[in-house]
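*Asks:* Structure below; questions to follow.
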Amino acid sequence: MFLLKKFFSRFLFPLPLSLEVLTIGLLLLLFTRKQKTGKALVALAAVLVVLFSSNVFSGRLLTPLESHYAPLFLTPGAPVPEELRQAKFVVVLGSGSSGNTKFPPETQLDDASTARLVEGVRVSKMLHCCKLILSGGPTPKSGYSVARDMGLIAEELGVSREDLIIDAQSRDTEEQAQRIAAMVGQQPFILVTEASHMPRAVALFRKQGAHPIADPMGSRIERSDTPAPDRLFPDAEALRGSQRAIYEYLGLAWAKVRGQI
């Protein structure tokens, strides 16, 4: 089920979906008399690529996801809110790792995992007496545990092995919520993951009876008030943002259908 879910969801990602529409349109143009339909589908494919690659459209997709929770603003020397002082765990959900053991761990984590890990280490050190739970099992791409690499890097960043808990088995957010909820029980904990992923992650953890405190990272929305001319043009980063949003909307829909949230 896990691999089937990962496989079939890719057909609805922005670029594959656009190519599917384009392919159908070209087949109609080349091998049938449905020329108008074929031309319409080819035009639709072009429109989809432009839309999904647009910073404006990508931002519209991401905003409902990323606006749910604000990042934690913890600065050295500032008083820590009571809610955070009660937290005994900082949970970091991994994203991906290349799994290439020929290179050091810090070069194997993807950008999202690295950003989440750094934030988790920062917060755990500021709160003191916090266990750092790093979660991420084998990925379909590499079959390698993301949590293992994060754990090695966390030790290099000064986290003691006694303060680390490695969940190297959970393959997706559903499994992470189940396993980590059993570890933390009813105690509030700080949850670190990508901003667009946070609504689904929080909902899945709460369904398990856990009490996460959101600390989102890696917002993809451009928040500057100064208009930038290059944002008027389609680009690959906007396409990545659209893909991320579609991925999360599909995940939310799947979780609701299965009664997980």
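The values are calculated or read from the model by the stated rules, or taken from the named source; none is laboratory data. From a predicted model like this one, the values you see are computed outputs, not experimental measurements. Heads up, the Cβs are rebuilt from the backbone with ideal geometry, glycines too, and the neighbour counts pull from every protein chain shown.
*Asks:* Considering only residues that are of a type outside the set (A, V, I, L, M) and assigned to a helix (DSSP H, G or I), look in segment 120-138 and name the one that is farthest from residue 215 (Cα to Cα).
*Replies:* Filtering segment 120-138 for residues that are of a type outside the set (A, V, I, L, M) and assigned to a helix (DSSP H, G or I), the one farthest from residue 215 (Cα to Cα) comes out as 125.
*Asks:* How many of the residues making up segment 10-55 are farther than 24 Å from residue 221 by Cβ and either touching a strand residue (DSSP E or B) at 6+ places or on another chain (Cβ under 9 Å) or of a type in the set (A, V, I, L, M, F, W, C) (or both)?
*Replies:* Summing the residues that are farther than 24 Å from residue 221 by Cβ and either touching a strand residue (DSSP E or B) at 6+ places or on another chain (Cβ under 9 Å) or of a type in the set (A, V, I, L, M, F, W, C) (or both) in segment 10-55 gives 18.
*Asks:* Please enumerate the residues belonging to segment 79-119 that are over 22 Å from the mean Cα position of the chain (by Cα) and either among the basic types (Lys, Arg) or closer than 14 Å to residue 212 by Cβ (or both). Give the steps one after another, and end with the answer.
*Replies:* Residues of segment 79-119 over 22 Å from the mean Cα position of the chain (by Cα): 79-88, 101-104.
Correct list: 83, 84, 85, 86, 87, 88, 102.
*Asks:* In segment 81-129, which residues are surrounded by 20 or more Cβ atoms within 10 Å (Cβ to Cβ) and among the hydrophobic types (A, V, I, L, M, F, W, C)?
*Replies:* Answer for segment 81-129, where residues must be surrounded by 20 or more Cβ atoms within 10 Å (Cβ to Cβ) and among the hydrophobic types (A, V, I, L, M, F, W, C): 87, 89, 90, 91, 92, 93, 109, 117, 121, 123.
*Asks:* Any chance segment 4-25 includes a residue that's assigned to a helix (DSSP H, G or I), in contact with a Gly (Cβ under 9 Å, 6 or more places away or on another chain) and more than 28 Å from residue 258 (Cα to Cα)?
*Replies:* Yes: one or more hits.
*Asks:* Continuing with the same structure: Within segment 177-190, is there a residue that is crowded, with 23+ Cβ neighbours inside 10 Å and over 21 Å from residue 84 (Cα atoms)?
*Replies:* Looking through segment 177-190, none of the residues is crowded, with 23+ Cβ neighbours inside 10 Å and over 21 Å from residue 84 (Cα atoms).
*Asks:* Return the pairs, sorted by first residue and then second, in which the second residue is outside any helix (DSSP H, G or I) and among the charged types (D, E, K, R), the first residue lies in segment 142-157 and is not assigned by TED's automatic domain parsing to the domain that holds residue 6 and at pLDDT 90 or above, the beta carbons are less than 6 Å apart, and the residues are 6+ apart or on different chains.
*Replies:* Qualifying pairs under 6 Å: 147/167.
*Asks:* Exactly one of these conditions fails for residue 171: (1) buried (at least 22 other Cβ atoms within 10 Å of the Cβ); (2) farther than 21 Å from residue 69 by Cα; (3) touching a residue at least 40 places away in the same chain (Cβ under 8 Å). Give me its number.
*Replies:* The failed condition is (1).
*Asks:* Let me ask something else about it. Suppose we filter 103, 89, 13, 31 for residues that are closer than 30 Å to residue 156 by Cα, at pLDDT 95 or above and not aliphatic (A, V, I, L, M); which single one remains? Steps first, answer last, please.
*Replies:* On the way: 103 fails: at pLDDT 95 or above; 13 fails: closer than 30 Å to residue 156 by Cα; 31 fails: closer than 30 Å to residue 156 by Cα.
Step by step, each of 103, 89, 13, 31 is checked, and only 89 is closer than 30 Å to residue 156 by Cα, at pLDDT 95 or above and not aliphatic (A, V, I, L, M).
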